[in-house]
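The values are calculated or read from the model by the stated rules, or taken from the named source; none is laboratory data. Bear in mind that the values here come from a model prediction, so they are computed numbers and not experimental data. Quick reminder, even Gly has a Cβ in these numbers, built from the backbone with ideal geometry, and neighbours come from all protein chains shown.
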Amino acid sequence: MSTIQRPSIYRSLSIHAEANAPSLSIALMKTIFIFSFAIVAAATGGCSDSGNSPGLMTGIQGQVYSIAAPGPTPVGWVPPPLERISTVLVLDSNHRQITEVITDDEGRFALELQPGTYYLRVKESLIPTETGPYVVTTGALLTVRAHYDNGMR
């Protein structure tokens, strides 16, 4: 049985294709990615700017502050942040609870809300103290304060 010898041009093309296989795969993957991106962009209407930054939500963000201090409150006293996990109750314009949010261990919180008027109360506060009214508008993240009052005077 005899073996058939390929002409030298076929051998060199075969060797060239095998040596460049990784770069051919990368080029193919890039082409597929660009084509896929173009399809998604066309299906979603392209990159239109709605005026809002990506990730911007409508709602509130804030911090819980401890408003209790022993003795008379000095003029100009600024309440310190309550650096512990708390539960902030969110009340509607009729002062009815609609939801709650748990703060991080530094008393910070963020919550997405529909546009409207809201009040806040810290659940763990010994004296129920509301802050607000806070008016949330579409596309805005309002920075607010919630007050914790342990009743110490």
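Key figures for this structure:
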read-out	value
Index of the failed condition, R121 passing every other in (1) surrounded by 15 or more Cβ atoms within 10 Å (Cβ to Cβ); (2) basic (K, R); (3) at pLDDT below 85	(3)
Residue under evaluation P115, criteria (1) farther than 12 Å from G62 by Cβ; (2) surrounded by fewer than 12 Cβ atoms within 10 Å (Cβ to Cβ), criterion not met	(2)
Pick from segment 85-102, criterion surrounded by 14 or more Cβ atoms within 10 Å (Cβ to Cβ) and touching a residue at least 40 places away in the same chain (Cβ under 8 Å), ranking: nearest to M152 (Cα to Cα)	S86
Condition check for R108: closer than 16 Å to L82 by Cβ, over 22 Å from the mean Cα position of the chain (by Cα) and surrounded by 13 or more Cβ atoms within 10 Å (Cβ to Cβ)	no
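Residue-wise test of (1) modelled with pLDDT of 95 or more; (2) more than 23 Å from the chain's Cα centre (by Cα).
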position	(1), (2)
V75	no, yes
V78	no, yes
L82	no, no
Q97	yes, yes
T117	yes, no
